[in-house]
Amino acid sequence: MEIKNKEIVSAAKPAADKLVLLKGKDVLSAAQFSKDEVDLIMETAAYYEKKVKDGEVLSDMEGQVMASLFFEPSTRTRLSFETAMNRLGGSVITVAESTKVQTSSTAKGETLSDSIKVVDLYADVIVVRSPQKGAADEAAMAASNPVLNSGDGAGEHPTQALLDIYTILKERGDLNGLTVTLLGDLKHGRTVHSLIRLLSHFGCRIILVAPEKLRMPADIVTDVEKLGVAVKQTDNLQEAAAESDVLYVTRIQKERFENEAEYDQVKDDFIVDSAIVKAAKKGIVIMHPLPRVNEITVDVDDYEGAAYFRQAGNGVPIRMALLALVKGCVN
Ligand code: NCD
């Protein structure tokens with residue numbers, strides 16, 4: 001692929017022997033991907049992004065149905081998955097409900113596994129988000145069609161991490177040799193649990209900055225260190241920003257706390273404002289999976305390296321690539 005001014009200017013269709021790598025597979029954890037598979041997803045996303053930009057109307061998934069099951073609030077993830085399926089000429093059925101307002105059979109006590117067995121008869125591919133860690137694996141066991149994990153509690157969010165990698169690629173041209181800082185609620189943040197694993201394929205150095213009680217789980221750090229990745233943990237945001245090419249900011253995950261007082265203790269520990277950005281390494285890219293609460297001040301939005309809205313846009317080509325690849329229908 002060729003990238004100019006943060007845009008895909010050309011992208012070839014991946015070779016036929018590569019296009020089958022993910023056919024029939026679930027997408028459950030970032031740990032499942034080989035470097036070849038991540039590269040394939042990036043190339044396929046670029047291929048689709050260029051086609052959509054050129055105004056092509058696609059029919060790669062014509063006649064297929066995607067079920068989008070969101071048992072936890074979502075805006076970007078659900079809408080970008082649904083947009084992706086629509087762009088591919090497929091259609092969408094949806095259940096979207098938070099744990100507060102429930103309208104479907106899960107509210108009546110039906111197990112996820114039973115719901116999925118039925119949805120599997122209606123749809124060709126299933127996208128699921130749940131407040132329960134491990135829910136996507138459970139869904140995948142119950143379904144014969146591919147299941148895509150769109151966030152399982154404080155577990156993982158692999159499709160977000162893929163769009164994060166794609167964003168860094170577009171913003172910087174290459175990931176090799178970059179220093180990437182992950183900041184915020186690294187304990188409960190599922191996007192960073194997935195992202196740190198994907199970054200380990202690209203020769204990046206990783207810095208983790210978090211409140212003491214919200215550090216990255218030790219088993220994840222050990223896993224990536226075993227792959228030869230250098231990981232530094234610090235509470236000095238200024239210093240980390242001064243040596244980083246990318247600063248990936250996350251929201252403190254209020255909904256995962258036992259009580260409000262604990263959340264209040266840490267919610268303002270790290271705020272990225274224009275003073276932080278000014279003192280940071282020149283050209284630093286600021287990312288955030290969104291939604292933002294107060295961890296990036298709005299004055300940062302005008303900084304040219306503030307990539308978080310572009311990042312959200314990248315969800316569509318990445319999810320187009322994932323849907324078409326798992327169904328083996330990239331035309
Ligand atoms: C994230 C999530 O749901 O984990 N949002 C998203 O998918 N873009 C991050 C968050 O909620 O903080």
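All of the numbers you see were taken from the coordinates with simple rules; none came from a lab. Fair warning: this is a prediction, and the values are worked out from it, not measured in the lab. Because the Cβ atoms are built from the backbone with ideal geometry, glycine has one as well, and the counts that use them run over all protein chains shown.
Nearest 5 is fine: what % of DSSP beta bridges in the chain come out antiparallel, could you say?
Around 10 percent of the beta bridges assigned by DSSP in the chain are antiparallel ones.
Which pairs in the list Lys170/Lys281; Lys35/Lys170; Lys6/Lys232; Lys35/Lys232; Lys35/Lys278; Lys35/Lys327 are over 25 Å apart, alpha-carbon to alpha-carbon?
Flagged as over cut-off: Lys6/Lys232; Lys35/Lys278.
If the chain between Leu121 and Lys53 were fully stretched, how many nm would it gain, using 0.36 nm times the residue separation less the Cα-Cα distance?
21.1 nm
Ranking Met42, Met61, Met141 by Cβ neighbours within 10 Å, fewest first, what do you get?
Met141, Met42, Met61
Let me know the volume per residue of the alpha-carbon convex hull for the range 1-157, in Å³.
129 Å³
Quick one: which residues, 5+ away or cross-chain, put their amide H under 5 Å from the amide H of Thr94? H built at 1.01 Å from N.
Ser68
Any idea what the relative contact order of the chain is, in percent, if you count C-alpha pairs under 8 Å spaced at least 6 apart?
Once normalised by length, the contact order is 20 percent.
Taking the Cα centre of the chain as origin and charging only Cβ (+1 Lys, Arg; -1 Asp, Glu), how large is the dipole, in debye to the nearest 20?
My answer is approximately 500 debye.
Where nothing but the Cβ of Lys and Arg (+1) and of Asp and Glu (-1) is charged, how large is the charge dipole of the range 252-331 around its Cα centre, in debye to the nearest 20?
So the dipole magnitude of the range 252-331 works out to roughly 700 debye.
How compact is the range 141-203 by the rule of thumb for globular proteins, expressed as Cα Rg over 2.2 N^0.38 Å?
My calculation over the Cα atoms of the range 141-203 gives 1.25.
Beyond 28 Å, how much of the Cα-Cα pair distribution for the chain remains, as a whole percent?
Distances greater than 28 Å cover 39 percent of the Cα pairs.
Name the residues whose placed amide hydrogens come within less than 5 Å of the amide hydrogen of Ile296, ignoring near sequence neighbours (fewer than 5 apart) on the same chain.
For Ile296, the qualifying residues are Val272.
So if each residue of separation counts as 0.36 nm, and I subtract the Cα-Cα distance between Asp137 and Glu262, what length gain in nm does that give?
That works out to 42.0 nm of additional length.
Which distance in nm do the two modelled labels at Val293 and Thr222 give, with both placed 7 Å along the Cα-to-Cβ direction?
Distance between label points: 3.0 nm.
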